[in-house]
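Please read the structure below before turning to the comments.
The values are calculated or read from the model by the stated rules, or taken from the named source; none is laboratory data. Note that this is a predicted model, so its numbers are computed, not measured. Here the Cβ positions follow ideal geometry from the backbone for every residue, glycine too, while neighbour counts run over all protein chains shown.
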Amino acid sequence: MQKMLSSAIGSAFATSVAFAMPAHAAPIPATAPTALTVKEAPLRAHLQFLSSDMLEGRGTGQRGGDLAVAYLESQAMAAGLKPGNGNSYRQSVKIAGIKASPQASSVVLEAGGKAQALTFGKDWVWAPGDATAIHAMDAELVFVGYGITAPEQGWDDYKGIDCKGKVLVMMVNDPMPTSLEPDRFGGKGLTYYGRWTYKFEEAARHGAAGVLLIHTDASASYGWSVVQNSWLAERFQLASGKGGSAMQGWMTESSARGLFKAAGHDLDALRTAAENKNFKPVAINAKVKGETRAEVRLIDQFNVAGIVPGTDPKLKDEVVIYSAHWDHLGKQGKDGDSGDSGDTIYNGAVDNATGSAGLLAMALEASKSPAKRSQMFLWVAAEEQGLLGSAAYAASPLWPANKTAANLNLDSLNWVGATRDIGTQGSERTELGAMAEAAAKSMGLKVAMPKPDLSGGYFRSDHFSFAKSGIPAFSIAGGRDYIVDAAASTAKAETYGEQRYHQVSDEYDAAWNLAGMVQQAQFTLNLGRMIANTPKMPAWKAGDAFGKVRSGGL
């Protein structure tokens with residue numbers, strides 16, 4: 001069966017190459033002097049196939065995801081990579097799949113003793129965070145502000161509360177800077193304390209029965225439709241390790257406002273109070289009552305890893321890891337359930353067929369001329385479900401973390417066109433920042449000016465799993481200084497968030513100019529080889545929390 005599958009995929013790949021569009025000419029800065037030049041043709045062919053309807057959106061636990069893994073495995077082999085896990089290209093990732101069953105559940109929110117008329121999906125969403133199918137709920141609601149415990153900031157939203165048996169209602173993001181404390185919680189940027197993943201983790205550490213996050217477009221950095229698309233479908237968590245609370249979910253701002261009003265509270269007043277470090281949790285005269293039900297299954301997913309062995313007798317025992325996630329949201333609902341188009345496939349062309357295709361095109365070149373250190377090309381599973389594949393890798397690395405020089409991650413490449421700059425935000429936390437500037441200069445590029453990380457991008461991509469393990473890591477982003485028709489190109493790029501991100505409309509377009517993608521992949525390969533050939537592994541800047549992990553200080 002495996003041979004037949006690989007053969008079918010190989011045939012599909014050959015077809016995609018045959019029909020790949022010719023390169024779209026565009027003036028771009030010269031690449032660094034190197035014999036290794038990332039080619040557009042293989043990148044386009046891989047992109048076209050990985051984002052095709054045949055792979056059904058590469059969903060976690062779905063047939064399309066299995067096809068994507070088989071394809072990546074066969075293409076890694078074809079590119080000349082050695083198996084990254086003994087004799088295998090695969091690393092097993094044990095995952096629990098969880099899908100809420102609201103129709104079979106009797107759970108309601110009560111305020112002031114009266115049930116609130118909330119519709120699952122439209123007004124709120126939830127699922128068990130502990131992979132347990134049935135929960136009986138009779139839990140008091142408590143507003144805990146931002147739900148943050150940060151001793152180094154002198155901040156504790158949990159002060160004086162026993163969370164056992166309670167469902168915590170909290171805001172997304174983290175406290176805003178003030179004139180007296182302009183740099184608190186990263187200033188205008190988002191810290192990990194502001195991420196929804198942290199909120200769920202911290203609530204579980206406090207023994208809470210559940211968590212409900214209040215959604216706003218500004219605080220989450222995306223609309224309610226993104227929450228819907230994720231939570232109406234099957235959700236996933238690592239099967240190993242500690243589970244989360246019995247209920248994890250979100251509610252719209254209007255629903256939260258109505259709930260608080262019915263309970264005799266002013267949501268805005270409480271949110272204002274929560275901006276002060278002296279804030280204390282507030283019980284809001286409301287409850288979660290009834291029974292939640294969900295479908296739960298255990299599945300095996302896979303990271304795919306291939307190696308270009310190093311050439312130096314000593315440095316070959318160290319590795320540079322290039323990563324990209326292969327998954328997207330898959331196929332959801334039934335044909336005809338997705339509006340007028342009837343499209344049920346979330347192809348994920350930009351997010352992240354581009355990164356996966358870029359890695360394959362890079363691997364094809366890297367295998368031609370190995371560097372002193374070894375290089376690993378790693379396609380990770382279930383990023384869209386909370387960085388699960390990279391987290392599983394970090395927990396059981398195929399290469400020792402203290403022998404891993406760096407992780408360079410690609411997530412959603414530049415689909416608009418070539419630029420004069422390249423995005424390296426996050427690299428400034430380590431010596432990778434100076435190396436990135438050198439790599440950019442060698443290509444006639446400049447490093448894009450940093451901007452406040454309002455959406456917490458550093459904590460939302462797979463490099464973060466490596467950083468938490470103490471490995472210098474960041475994601476390479478596309479530039480913003482477009483060479484061709486800058487105004488029109490900028491406007492086109494800005495449509496992605498509203499019109500494509502996590503939507504069925506994120507589909508491959510044969511008319512795309514891939515010069516920006518090639519540029520991004522080339523920069524990543526050049527920087528990776530620079531790291532792979534330098535005498536010493538790059539280090540974190542003094543005082544960085546992740547650097548303390550590397551040195552054993554945490």
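Among the residues here, residue 360 qualifies as in a helix (DSSP H, G or I), within 26 Å of residue 75 (Cβ to Cβ), in contact (Cβ under 8 Å) with a residue 40 or more places away in the chain and out of contact with any strand residue (DSSP E or B) (no Cβ under 6 Å at 6 or more places or on another chain). The residues of region 403-419 that are under 20 Å from the mean Cα position of the chain (by Cα) and of a type in the set (A, V, I, L, M), listed by number, are 406, 408, 410, 413.
The test for being buried (at least 20 other Cβ atoms within 10 Å of the Cβ), of a type in the set (Ser, Thr, Tyr) and assigned by TED's automatic domain parsing to the domain that holds residue 235 holds for residue 255. Just a yes or no: is a residue in region 119-136 over 23 Å from residue 230 (Cα atoms), in contact (Cβ under 8 Å) with a residue 12 or more places away in the chain and surrounded by 14 or more Cβ atoms within 10 Å (Cβ to Cβ)? Within region 119-136, not a single residue is over 23 Å from residue 230 (Cα atoms), in contact (Cβ under 8 Å) with a residue 12 or more places away in the chain and surrounded by 14 or more Cβ atoms within 10 Å (Cβ to Cβ). Only one entry of 185, 260 meets the criterion of being touching an Asp or Glu at 6+ places or on another chain (Cβ under 6 Å) and either aromatic (Phe, Trp, Tyr) or surrounded by fewer than 22 Cβ atoms within 10 Å (Cβ to Cβ) (or both), and that entry is 185. Looking at region 199-236, which of the residues that are out of contact with any helix residue (DSSP H, G or I) (no Cβ under 7 Å at 6 or more places or on another chain) and assigned to a strand (DSSP E or B) is surrounded by the fewest Cβ atoms within 10 Å (Cβ to Cβ)? The qualifying residue surrounded by the fewest Cβ atoms within 10 Å (Cβ to Cβ) is 212. Of the helices (runs of 4 or more DSSP H) lying entirely inside region 420-499, those containing at least 1 residues that are in contact (Cβ under 8 Å) with a residue 60 or more places away in the chain, over 24 Å from the mean Cα position of the chain (by Cα) and surrounded by 16 or more Cβ atoms within 10 Å (Cβ to Cβ) are 432-442, 486-499. In summary, residue 524 fulfils each of the numbered conditions (1) more than 20 Å from the chain's Cα centre (by Cα); (2) in contact (Cβ under 8 Å) with a residue 40 or more places away in the chain; (3) within 29 Å of residue 438 (Cα to Cα) with the single exception of condition (1).
Matching residues to (1) more than 30 Å from residue 268 (Cα to Cα); (2) touching a Ser or Thr at 6+ places or on another chain (Cβ under 6 Å); (3) among the polar types (S, T, N, Q); (4) at pLDDT below 95:
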site	(1), (2), (3), (4)
316	yes, yes, no, no
339	yes, no, no, yes
357	yes, no, no, no
360	yes, no, no, no
368	yes, no, no, no
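Residue 12 meets all of the listed conditions (1) at pLDDT below 90; (2) aliphatic (A, V, I, L, M); (3) surrounded by 23 or more Cβ atoms within 10 Å (Cβ to Cβ) but one, namely (3).
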